[in-house]
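A short write-up of the structure that comes next.
Bear in mind that the values in this text are calculations on the coordinates, not laboratory data. Keep in mind that this is a model prediction, so the values were computed, not measured. When we count neighbours, we look across all protein chains shown, and the Cβ atoms used for this are built from the backbone with ideal geometry, even at glycine.
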Amino acid sequence: MFETLGRFIYRGRKPLLILTLVFAVFSGVYGLGVFGDMKPGGFEDPNSESRKAALLAEEAFPQRAPDAVVVYRSKDRTVDDPAFQEAVVGKISSLPESAVTGAAHYWMTKMPAQVSRDRHATYVAMNLKGSDDNAKEASYKKVKDQLDVEGYETFRGGPVPTGFQAGEQIGEDLAVAEGFSFPVLFILLVVVFGGLAAASLPLFVGGLSILGSMAVLRVIAQFTDVSVFAMSLVTILGLAVAIDYGLLIVSRYREELDAGHTGEEALSRTVATAGRTVMVSGITVAVALFGMTFFPFAFLKSMAYGGVAAVVLSVFFSIIALPAALAVMGPKVNALSLRRKKSASAPAAKDEGPWFRLAHGLMRRPVAVTVVALAVMLALAVPFLRIDFGANDARQLPDSAEGRQVHNIMERDFEGDGVKSIDALLKLPGDAKSPEQGAALQAYAERLAKVPGAKDAQISGAEGTSGRVSVSFDGVAVSSEARDLVNDLRAVERPAGSTVYFGGETAVFDDTLDALGDVLPWMLLYIAIATYILLFLAFGSVLLPLKAIAMNLLSLSATFGILVWIFQDGHLADLIGFDPTGNIEPNMPIMLFALIFGLSMDYEVFLVSRIREQYDQLGDPTAAVATGLQSIGKLIVSAALLMCVPLAAMATSGVLTMTLFGVGMVIAILLDVAVVRILLVPAVMKLMGRASWWAPGPLQKVYARFGIKEGDAALAEKKPAGERVPVGS
């Protein structure tokens with residue numbers, strides 16, 4: 001199949017390139033509009049109890065949870081000064097009702113919590129017009145420049161301004177990452193290929209993948225919510241994966257040219273081998289990323305949409321557009337070489353070279369190598385056992401961002417958080433203001449106040465058949481103690497005939513962790529089964545897929561352990577440039593799991609495909625590992641280092657979530673390639689011997705009929721008689 005595809009591409013190379021360019025232009029024009037269709041947030045379960053509480057609160061008590069918190073500070077005046085009141089109230093009153101539907105200030109509420117300890121600052125809790133996050137952000141944009149009061153310091157924070165600032169920061173960071181990555185990648189590709197022409201081709205695929213993914217995301221955004229964070233994944237993953245695949249295709253094509261094949265033959269052999277590897281690898285990565293759609297959170301779903309689009313398009317352009325470009329270029333792929341031309345000589349044998357010697361050195365002591373590598377990886381994984389989850393709040397932003405400044409001011413200067421509470425939203429069987437329901441509501445509040453950990457409980461709303469009881473407490477809203485308090489409050493006897501939903505930041509956090517815990521086992525099972533089937537169809541072995549999955553889990557555990565040590569414990573914070581929060585946002589490990597699992601399998605497919613090819617030729621499992629590593633080792637290391645460039649650029653982001661993502665991916669890739677693929681795979685496959693390729697008779701027939709094989713029989717090299725060993729031997 002792949003050989004036939006290669007011949008088809010060669011014969012239709014020019015029309016395919018023209019269609020590719022048309023697609024690129026269309027995608028660029030249409031896809032750029034995706035930024036206006038994306039939404040901030042997406043970290044909450046839309047079907048959770050806390051979401052139902054939020055909807056009920058919005059319907060019955062629209063002035064409760066603020067969309068924006070604006071802090072005003074004066075160096076000379078206190079809030080008791082009439083001039084302070086006149087300046088702030090006058091400004092708030094002048095804001096257009098088309099953007100601001102309500103604003104609660106100290107001189108209205110008389111709440112002490114709205115005044116700083118030194119009485120030189122106060123905050124205004126504002127509600128913005130709009131039925132969703134995008135509409136509220138649009139309202140905020142209308143008034144954000146009208147909030148300043150002359151002679152007073154003004155700081156804009158709260159959910160909507162913080163989300164807006166995060167989106168702006170991510171956009172700036174992506175521009176910087178792209179501006180840094182493309183030239184650095186081009187220079188490194190020139191070093192790898194030794195020529196300008198070949199070095200430009202993987203970047204060509206990367207650009208196509210990014211443009212296409214933007215267009216796909218915009219289409220998806222017309223039907224469902226897509227988080228603004230998805231663009232960061234599309235840009236970085238699209239570029240990184242496309243370069244990996246482009247590197248593999250171009251390297252194999254040049255290898256075929258060096259072996260004396262030209263024209264259609266060279267291209268068909270390239271697509272039949274490297275193209276097949278790219279297809280298997282891409283499907284495996286996409287399958288892992290698709291697992292994030294199992295979760296109810298728009299953030300994870302969006303990452304799945306963007307990630308799958310980027311990977312699928314990278315595969316498509318790597319095995320269609322890139323081969324078409326190679327077919328047009330032919331031997332000119334080696335043009336503009338920066339290396340001194342060497343006299344013609346026979347290609348270097350695969351049974352010599354540094355990677356060949358390294359493989360044999362590892363396989364001479366397979367038990368020692370395996371034990372030491374496992375010990376190191378397990379030691380690195382230990383901190384993961386004490387991971388502590390926390391919410392995605394303003395601390396994700398740098399100190400220079402106003403949303404972060406508002407958070408810091410509230411924590412440092414104000415006695416209590418006037419908008420922090422655990423709210424019980426009740427749907428009552430009668431009028432909440434009637435004596436009967438009022439008494440029931442009061443009795444319920446008194447029961448809630450007696451729960452250990454609750455500081456107080458007050459009726460904070462009664463409208464129609466809806467009631468609200470707000471429970472105050474000490475401590476951090478997203479701590480394990482606060483979660484326990486929410487669950488204890490939920491267990492309290494409710495008023496007869498009522499329905500109660502608990503809301504507030506703590507309830508949202510508790511519902512988020514519960515939803516993640518409920519879905520995660522199914523995601524893991526899906527990824528394990530799908531990956532196993534794909535790898536069996538690729539390699540015809542029942543044991544190699546198990547080995548690959550086990551090693552991936554080992555690599556993931558070590559990566560998560562290092563991330564906890566850095567981002568939760570705060571080590572290397574000054575070096576990397578972030579402020580530790582003492583916890584990790586719970587969606588991030590899920591996203592990283594899917595990405596790292598998929599990309600780790602990417603390198604597994606690269607390596608084992610070559611080993612399988614050599615095993616089919618040589619029939620000797622030990623020789624196959626050594627010659628396979630010699631053939632692909634340098635390319636895998638080069639691909640990993642190239643992939644780390646855009647990811648490292650993202651690690652410099654001012655948004656903590658993006659920094660953790662970039663650092664986590666770089667650590668995972670380097671660990672996986674250096675320890676798992678280079679050290680563990682040769683050692684473990686030596687221990688497994690011929691069993692690496694074993695499959696029972698019935699499954700051998702399945703592989704013979706449905707297997708995704710390396711190439712057609714016509715491409716097979718001539719082997720010495722008796723040296724080819726069938727699958728399962």
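Residue by residue, what Karplus-based ³J(HN,Hα) values in Hz, rounded to whole numbers, does region 560-571 have, using 6.51, -1.76 and 1.60 with θ = phi - 60° and x for Gly and Pro?
For region 560-571, the Karplus-derived couplings read 5, x, 5, 5, 4, 4, 7, 8, 7, 7, x, 5 Hz, x marking Gly and Pro.
Going by the alpha-carbon gyration tensor, a ≥ b ≥ c the square roots of its eigenvalues, is region 422-503 rounded (a/c under 1.5) or, if a/c is not under 1.5, prolate (a/b greater than b/c) versus oblate? Walk me through the intermediate numbers first.
Numbers: a/c = 2.15, a/b = 2.11, b/c = 1.02.
In terms of gyration-tensor shape, prolate.
Just want the ordering: Thr224, Thr506, Thr622, Thr235, from fewest to most Cβ atoms lying within 10 Å of their own Cβ. Mind showing how you got there, number by number?
Numbers: Thr224 10, Thr506 29, Thr622 17, Thr235 25.
Least crowded to most crowded, the residues run Thr224, Thr622, Thr235, Thr506.
Over region 422-503, what is the relative contact order in whole percent, taking alpha-carbon pairs under 8 Å and six or more residues apart? Display every interim value, and only then the final one.
Working: 138 pairs, mean separation 34.9, N = 82.
It rounds to 43 percent for region 422-503.
Taking θ as phi - 60°, what are the ³J(HN,Hα) couplings along region 659-675 by the Karplus curve (6.51, -1.76, 1.60), each to the nearest whole Hz, with x for Gly and Pro?
4, 4, 4, x, 5, x, 5, 4, 4, 4, 5, 5, 5, 5, 6, 5, 9
List Glu402, Glu411, Glu264 from most exposed to least, where exposure is judged by having the fewest other Cβ atoms within 10 Å.
Glu411, Glu264, Glu402
Give me the angle, in degrees from 0 to 90, between the Cα long axis of helix 354-364 and the longest principal axis of the Cα atoms of the chain, rounded to the nearest 10.
Once rounded, one gets 80 degrees.
Using the alpha-carbon centroid of each, what span in Å lies between region 293-323 and region 1-71?
11 Å
So if we plug the beta-carbon distance of Lys701 and Lys75 into 1/(1 + (r/R0)^6) with R0 = 56 Å, what FRET efficiency do we get, rounded to 0.05? Could the numbers behind the result be given before it?
Values: r = 83 Å, r/R0 = 1.48.
My answer for the efficiency is 0.10.
Amide H of Val100 versus every other amide H placed in the peptide plane: which residues, excluding those fewer than 5 positions away on the same chain, fall under 5 Å?
Lys129
In the chain, what percentage of the DSSP-assigned beta bridges are antiparallel, given to the nearest 5? Show your work: numbers first, answer last.
On the way: 36 of 38 bridges.
Antiparallel: roughly 95 percent of the beta bridges in the chain.
For helix 505-539, report the angle its Cα long axis makes with the longest principal axis of the Cα atoms of the chain; keep it between 0 and 90° and round to the nearest 10°.
On a 0 to 90 degree scale, this one is about 10.
Specify the angular offset, from 0 to 90 degrees and rounded to the nearest 10, of the alpha carbon long axis of helix 13-31 from the longest principal axis of the alpha carbons in the chain.
The two axes meet at around 10 degrees.
Would you pull out the residues with amide H under 5 Å of Ile584's amide H, same chain only if 5 or more places away, H placed 1.01 Å from N?
Counting only residues 5 or more places away or on other chains, the set is Asp388, Phe389, Gly390.
Neighbour counts of other C-beta atoms within 10 Å: give me Leu239, Leu185, Leu358 arranged from fewest to most.
Details: Leu239 30, Leu185 22, Leu358 17.
Neighbour counts put them in this order, fewest first: Leu358, Leu185, Leu239.
How much FRET efficiency would the formula 1/(1 + (r/R0)^6) give for Met329 and Phe35, where r is the Cβ-Cβ distance and R0 is 41 Å, rounded to 0.05? Intermediate results must be reported in sequence, preceding the final value.
Numbers: r = 35 Å, r/R0 = 0.85.
Given R0 = 41 Å and the Cβ-Cβ separation, E is 0.70.
What net charge is computed for the residues neighbouring Arg364, neighbours being all others with C-beta under 12 Å from the C-beta of Arg364, Lys and Arg scored +1, Asp and Glu -1?
Numbers: positive: Arg357, Arg365, Lys686; negative: none.
The answer is +3.
Show that you can apply the helix-only estimate: for the chain, add -39,500 (n - 2.57) for every DSSP H stretch of four or more residues, divide by all residues, and state [θ] at 222 nm to the nearest 500.
Details: 26 runs with 432 residues, N = 729.
Computed mean residue ellipticity for the chain: -20000 deg cm²/dmol.
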